[in-house]
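Contents: one structure, followed by commentary.
The values are calculated or read from the model by the stated rules, or taken from the named source; none is laboratory data. If you're wondering where the values come from, they're calculated on a predicted model, not measured in any experiment. Because the Cβ atoms are built from the backbone with ideal geometry, glycine has one as well, and the counts that use them run over all protein chains shown. Note: areas computed on protein heavy atoms with side chains; ligands, DNA, RNA excluded. Shrake-Rupley method; radii C 1.70, N 1.55, O 1.52, S 1.80 Å.
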Amino acid sequence: MHADQWYEALTNREAVLKRWEDALRDGVRSLGATTPAGARLAETLAFFEFLDGELAALMERWRVHRRQHFG
């Protein structure tokens, strides 16, 4: 097992989240944020943006933790 396998897998997941965000953003623009479907997409987009920010912070905390415990 590669030493950074789980870190790399989660980091690669960020690229997938960005693609979802782009698609959702396009959907909101196409449908209009005030339509029921557009509002649902806007909320989903907000969730993905939140998740993206949390993952970035989580990965930074992991790097610090790893350095402290494993050098």
Between residues in segment 47-71 that are closer than 17 Å to residue 8 by Cα and among the charged types (D, E, K, R) and residues that are open to solvent by less than 80 Å² (accessible area, probe 1.4 Å) and modelled with pLDDT under 90, which pairs lie under 8 Å by C-beta distance while being six or more apart or on different chains? 52/14; 52/17
Do you know which of the residues in segment 31-71 that are open to solvent by 100 Å² or more (accessible area, probe 1.4 Å) and over 20 Å from the mean Cα position of the chain (by Cα) is nearest to residue 20 (Cα to Cα)? 34
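Just the residues that are touching a residue at least 12 places away in the same chain (Cβ under 8 Å) and either open to solvent by less than 40 Å² (accessible area, probe 1.4 Å) or out of contact with any Asp or Glu (no Cβ under 8 Å at 6 or more places or on another chain) (or both), please, taken from segment 1-30.
Of all residues in segment 1-30, those touching a residue at least 12 places away in the same chain (Cβ under 8 Å) come to 7, 10-11, 13-14, 17-18, 20-21, 24-25, 27-28.
7, 10, 11, 13, 17, 20, 21, 24, 25, 27, 28, listed by residue number.
Looking at the structure I just gave you, is residue 44 hydroxyl-bearing (Ser, Thr, Tyr) and at pLDDT 95 or above? Reasoning before the result, please.
Values: hydroxyl-bearing (Ser, Thr, Tyr): yes; at pLDDT 95 or above: yes.
Considered against the rule, which asks whether it is hydroxyl-bearing (Ser, Thr, Tyr) and at pLDDT 95 or above, residue 44 comes out as yes.
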